[in-house]
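What follows is one structure encoded as structure tokens, with my remarks underneath.
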Amino acid sequence: MKKFDFSKFTGKGLAIAVFVCLLAVGGAGIYSYSKVQDSLDNALMSSDDNSYPVENPIAQITVTTAPVTKITSTPEADGNLPIPADNPAASETAPATDVAATQTNTQESTILPTDAACIRPVSGDIINGFSNGELVKSKTLNVWKTHDGIDIIAANGENVKSMTAGIISEIYIDQLMGVTVVIDHGNGLIGYYSNLSTDVPLSEGDTVSAGTIIGTVGSTADSEISEDPHLHFALKKNNAWIDPAALLSDSGS
């Protein structure tokens, strides 16, 4: 390639040549700047149409925060529910009642058959009460066990009477409670008369009335032999032991 020889230009010719070269370089620079500016403008316009790329889903999610509600203690939250003002029945104070008397009357009316007479099998006091499923210390056996009936003190040979009318369903000797007469008093009520003597004057299937003599007090209950002479009297209502004393509290002999 043949080199350009600037030595041929002198004076004005050299100045013109230099000016032409500068003009050419400047034109090329302006052209390049214009191209770059156009590229930048196109890029900015594209970015305005789609601010966030599709491949960046996180940038497109708008997070909203729910307002925080301050919880304060209320009577309902503390378990003390207020009585509504529009419920006058709930706001009235219930009249005082004799709970013990109500329970006793209800028990007697539901346990015994309707209009049934009720008497004490023997006339003595109760020396050992009904334990209602709780364990009590047995004086004879020296163990803790339930006492499912009541012990009514009575002399040996004293007559034992049927508490109320019924039918004798069983007569047997229990290993612990001795000679026992079982009477079905009706209405799901069964009476167990234990610790009797062996001379029972009746038979299974016999019908008895309130006050009928069914035997005499004996000493056949080996599990209670250390106690004073007594009748062991127990009641079941619908196959569950109940307290006989509740029925005998006002009964005559």
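No lab work stands behind these numbers, since they all come straight from the coordinates. All of these numbers come straight from a predicted model, not from anything done at the bench. Ideal geometry is used to build each Cβ from the backbone, glycine not excepted, and the neighbour counts take in all protein chains shown.
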Exercise. Calculate the spin-label point distance for Gln175 paired with Glu204, positioning each point 7 Å from the Cα along the beta-carbon direction, and give it in nanometres.
Key: 2.0 nm
Quiz prompt | Potential extension, Asp222-Val143 segment - 0.36 nm per residue separation minus Cα distance | solution = 27.1 nm
Quiz item: Using the Karplus equation 6.51 cos²θ - 1.76 cosθ + 1.60 (θ = phi - 60°), what ³J(HN,Hα) coupling, rounded to whole Hz, does each residue of segment 117-126 give in order, writing x for Gly and Pro?
Solution: 6, 9, 10, 6, x, 9, 8, x, 7, 7
Quiz prompt | Chain lengthening between Asp184 and Asn239 when straightened (0.36 nm per residue, less Cα-Cα) | solution = 18.6 nm
Quiz item: Using a simple spin-label model with points 7 Å from Cα along the Cα→Cβ vector, what separation in nm is obtained for Asn159 and Asp125?
Solution: 2.5 nm
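Could you line up Lys139, Lys236 from fewest to most neighbouring Cβ atoms inside 10 Å?
Working: Lys139 12, Lys236 16.
Lowest count first: Lys139, Lys236.
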Quiz item: Residues with amide H under 5 Å of Ala117's amide H, sequence separation 5 or more or different chain, H placed in the peptide plane at 1.01 Å from N; which?
Solution: Ala165
